[in-house]
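Okay, structure first, notes after.
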Amino acid sequence: TARLIADKISKGCDGAADRFSKILTLMKSVGLTDRTALEMALQFAAQTPDVQKNFLAVFTHAYLNEFFDYEYPRAAQLAYELSKDYQGDPVQLRKDFLALVQFCKGSKQLDLPNNLCSEVAVKVARLSAYFPQGVRGPFLKLFNDLRQKPEFNLDIKTALDIAYNVLKNG
């Protein structure tokens, strides 16, 4: 069994063992069975480093209670969606996602509750595929304009909704 696992990992070329190790360690620390953690680690050993980094970043932010505090199945589903199943540039997506989480959780002026922060960060990050330079810049600029310019002066929830709706159409 060990040889079969080593053979599968070696087919992932440079860095596959490191990708395997990081996913295996994380999944075991969350309490998954050895078999399930091993299967997930093997999947990500064959992926690119950026896909694996996205999985780690999204999963930890979705699962940890200081961020979204999702249950394991929901955190894993989101992490798969924004890593292995994602069709755009994984680096831009990761930068967008982390910046959006920081924006809604780290900003003293917003201080959004977990459920609203996760909703905003995830749905805006999903738009990243349509913005070659990332969606975080246009989103934050539009949101700030909607909040601060006297001709708009919108509340937080309305500004978030309008900024998303404008950007989802390109």
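The values are calculated or read from the model by the stated rules, or taken from the named source; none is laboratory data. Every value quoted in this text rests on a predicted model; they were computed, and no experiment measured them. Backbone-built Cβ (ideal geometry, glycine too); neighbour counts: all protein chains shown. To get the accessible areas, we keep the full protein, side chains included, count just its heavy atoms, and leave off ligands, DNA and RNA. Shrake-Rupley method; radii C 1.70, N 1.55, O 1.52, S 1.80 Å.
Among the residues making up region 108-119, those that are open to solvent by 30 Å² or more (accessible area, probe 1.4 Å) and either of a type in the set (Asp, Glu) or more than 24 Å from Tyr130 (Cα to Cα) (or both) are Lys108, Gln109, Asp111, Pro113, Asn114, Asn115, Glu119. Among the conditions (1) among the β-branched types (Val, Ile, Thr); (2) open to solvent by 70 Å² or more (accessible area, probe 1.4 Å); (3) in contact with an Asp or Glu (Cβ under 6 Å, 6 or more places away or on another chain), the only one that Val135 does not satisfy is (2). Scan region 28-36 and tell me whether some residue there is in a helix (DSSP H, G or I) and surrounded by 20 or more Cβ atoms within 10 Å (Cβ to Cβ). No, the conditions are met nowhere in region 28-36. Taken over region 82-98, residues that are open to solvent by 30 Å² or more (accessible area, probe 1.4 Å) and either hydrophobic (A, V, I, L, M, F, W, C) or free of Cβ contacts under 8 Å to residues at least 12 places away in the same chain (or both) amount to 3.
Scanning region 48-65 for residues that are open to solvent by 50 Å² or more (accessible area, probe 1.4 Å) and in contact (Cβ under 8 Å) with a residue 12 or more places away in the chain turns up Thr48, Pro49, Lys53, Tyr63.
Set side by side, the residues Lys105, Lys84 differ, and just one is of a type outside the set (Phe, Trp, Tyr) and closer than 27 Å to Thr48 by Cα, which is Lys84.
Candidates are the residues of region 138-162 that are within 16 Å of Val101 (Cα to Cα) and surrounded by 19 or more Cβ atoms within 10 Å (Cβ to Cβ); the one that is farthest from the chain's Cα centre (by Cα) is Phe143. Filtering region 66-81 to residues that are in contact with a Lys or Arg (Cβ under 9 Å, 6 or more places away or on another chain), among the hydrophobic types (A, V, I, L, M, F, W, C) and either open to solvent by 30 Å² or more (accessible area, probe 1.4 Å) or within 18 Å of Asp50 (Cα to Cα) (or both) leaves only Phe67. Apart from one condition, Lys95 fits all of (1) in contact with a helix residue (DSSP H, G or I) (Cβ under 8 Å, 6 or more places away or on another chain); (2) of a type in the set (D, E, K, R); (3) part of a loop (DSSP other than H, G, I, E, B); the exception is (3).
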